[in-house]
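Everything on this sheet refers to the single structure shown next.
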Amino acid sequence: MNTKAARIGVLGGTFDPIHIGHLAAASEVFAALSLDLVLVVPAAEQPFKRGTEVAAGQDRLAMARMAVAADPRLEVSAVDIERGAPTYTIDTMTDLDAAHPGSTWYFVTGADALARLDEWRDSERLRELATFVGVTRPGYDVPAGLGDIPLVEVPALGVSSTDVRRRVSLGLPIRYLVPDVVADYIGEHHLYRGGAHG
Ligand code: NAP
């Protein structure tokens, strides 16, 4: 689509793997913020988690692409994976803004991650570039330190990537927690089998 002067949501996260909670969050913010597009942007490695083992960027990217393929409201961007670690959101937003000049930006991610936004690189400039929006899981306490960041509760975020990985490592089903194409990819590529992903 022509995204010039568009209202674009950026759904940032590790997506290890992408699950239906992320897709429901994208759908929810698309409607709540009257967006034209939501870009799902898998991080290479975020700065507060250096050295944490996650599935390869290309696997996380492939799963995200498959998950959004049928939904014209959603696209995947490889800017963070292609730039490589560490992923600073100021770089994400600078690259995306150059690719879609004139857009109005909303950066959307888990409220836990946003609680430390003041410590992110160039946080003041970042807040000028994008409006930050936190998504929350039902039943979880809202983390301290969010300040004026608006929150959107997403019931389907009862699903978590941690739980999906745990279920795979225990041989439990993940069907309906992730899109079928993602479940098939995890099986075919033997991801999360060792239990090393927590
Ligand atoms: P995280 O700690 O993995 O996630 C925090 C919580 O939010 C988890 O419960 C996670 O659930 C949930 N979550 C993460 N992304 C989500 C999404 N898009 N929609 C709904 N829930 C989501 O956080 P992270 O993924 O590492 O970081 C989030 C984003 O912030 C990334 O784009 C990262 O690059 C950026 N970030 C930037 C800086 C910086 O610039 N200095 C620092 C920290 C984070 P699941 O595990 O189920 O996803």
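Comparing mean-square fluctuations of Pro42, Pro72, Pro179 from a GNM of the chain with C-alpha springs under 10 Å, the top value falls on Pro72.
Keeping the other protein chains in place, figure out the carbon and sulfur percent of the accessible area of segment 7-158, with a 1.4 Å probe.
49
Along the chain, counting only chymotrypsin sites (Phe, Trp or Tyr not before Pro) with a DSSP assignment other than H, G, I, E or B and at most 14 other Cβ atoms inside a 10 Å radius, the longest segment between sites is 1-139. Fully extending the segment from Ala5 to Asp180 would add 59.6 nm, taking 0.36 nm per residue of separation and subtracting the current Cα-Cα distance. Looking at segment 26-85, the GluC sites (Glu not before Pro) that sit in a DSSP loop and have at most 13 other Cβ atoms within 10 Å of their own Cβ are Glu53.
Quick one: net charge around Gly147, please, counting Lys, Arg +1 and Asp, Glu -1 for every other residue with C-beta under 11 Å from its C-beta.
-1
The alpha-carbon positions of the chain define a convex hull whose volume is 115 Å³ per residue. Amide H contacts under 5 Å for Val135: Thr109, Gly110, Ala111, Val152, restricted to partners 5 or more places along the chain or on a different chain, H placed in the peptide plane at 1.01 Å from N.
Once C-alpha pairs closer than 8 Å and six or more residues apart are averaged by separation and normalised to the residue number of segment 89-169, the relative contact order reads 29 percent. For segment 7-158, the solvent-accessible area of protein heavy atoms averages 45 Å² per residue (probe radius 1.4 Å; ligands and nucleic acids excluded).
The values are calculated or read from the model by the stated rules, or taken from the named source; none is laboratory data. All values derive from a computational prediction rather than experimental measurement. A quick note on method: Cβ atoms are made from the backbone with ideal geometry, for glycine too, and the neighbour counts reach across all protein chains shown. Protein only, heavy atoms only, side chains kept; ligands, DNA and RNA dropped before computing areas. Shrake-Rupley method; radii C 1.70, N 1.55, O 1.52, S 1.80 Å.
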